[in-house]
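**Student:** Would you mind keeping the following structure in view while I ask a few things?
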Amino acid sequence: MNKIRRAQLSALHADVDSLVQKVQLDLDQKEVPDRANKLEFAALADDIQGLREQCESIKDEEQEYYYNMPSGLQGGEKGDNAQSVVSELDDADNAFHEAHSAAESEDHETVIAQLDLAKDAIDNAGSY
């Protein structure tokens, strides 16, 4: 993984964390009648989809990096690391998909849980 993709993962992690805080705040204020900053789940679903697309783009770049490696490197540590990054980002993509579905169902807890799983996978991908 190169510095650019690491920076992209770091920014993606920060964006996911910000979204988790936004959903958690709305959940914490769920019982407040007529609250001014009520979460719009359609917009949340759109935000999650945007994060998913960013994740897919980074994953595709890492996969391309792997495919363009000489075969000797593909079988070595660099190749293994690239494949591990792709696998982690695939896990994050799945978590974003589940979070998107939960947002469409207006399920705060599942959105938060799935976004947390996505953050963990992004962190793991950045460690290679």
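The numbers here are math on the coordinates, done by the rules we state, and not lab data. If you're wondering where the values come from, they're calculated on a predicted model, not measured in any experiment. Positions of Cβ are generated from backbone atoms using ideal geometry, with glycine treated the same way; all protein chains shown enter the neighbour counts.
**Student:** Excluding residues fewer than 8 places away in the same chain, name every one of the lysines whose C-alpha is closer than 19 Å to that of Lys59.
**Tutor:** Cross-link targets: Lys3, Lys78, Lys119.
**Student:** If you take the C-alpha gyration tensor of the stretch 3-126, multiply each eigenvalue by 5 and take the square root, what semi-axes do you get, largest first, in whole Å? Could you put the intermediate results ahead of the total?
**Tutor:** Numbers: eigenvalues 229, 25, 23 Å².
For the stretch 3-126, the ellipsoid semi-axes come out as 34, 11, 11 Å.
**Student:** Could I ask something else about it? Can you give the FRET efficiency to the nearest 0.05 for Asp120 and Leu27, using r as the Cβ-Cβ distance and R₀ = 22 Å?
**Tutor:** It comes to 0.65.
**Student:** Provide the net charge surrounding Ser10, with neighbours chosen by a C-beta distance below 11 Å and charges set as Lys +1, Arg +1, Asp -1, Glu -1.
**Tutor:** The answer is 0.
**Student:** Going by average Cβ neighbours within 10 Å, how do the peptides 114-126, 47-59, 15-27, 63-75 rank, with the highest at the top? Before the final figure, lay out each step's value.
**Tutor:** Numbers: 114-126: 20.9, 47-59: 18.8, 15-27: 16.5, 63-75: 12.5.
Top of the packing list down: 114-126, 47-59, 15-27, 63-75.
**Student:** Find the centroid of the Cα atoms in the stretch 1-25 and in the stretch 50-105, then give the distance between the two in whole Å.
**Tutor:** That distance is 15 Å.
**Student:** Per-residue ellipticity at 222 nm for the chain, helices alone: DSSP H runs ≥ 4 residues times -39500 (n - 2.57), over residue total, nearest 500 deg cm²/dmol?
**Tutor:** -28000 deg cm²/dmol
**Student:** Could I ask something else about it? Taking just the C-alpha trace of the stretch 49-90, give me its Rg and Dmax in Å.
**Tutor:** 11.0, 37
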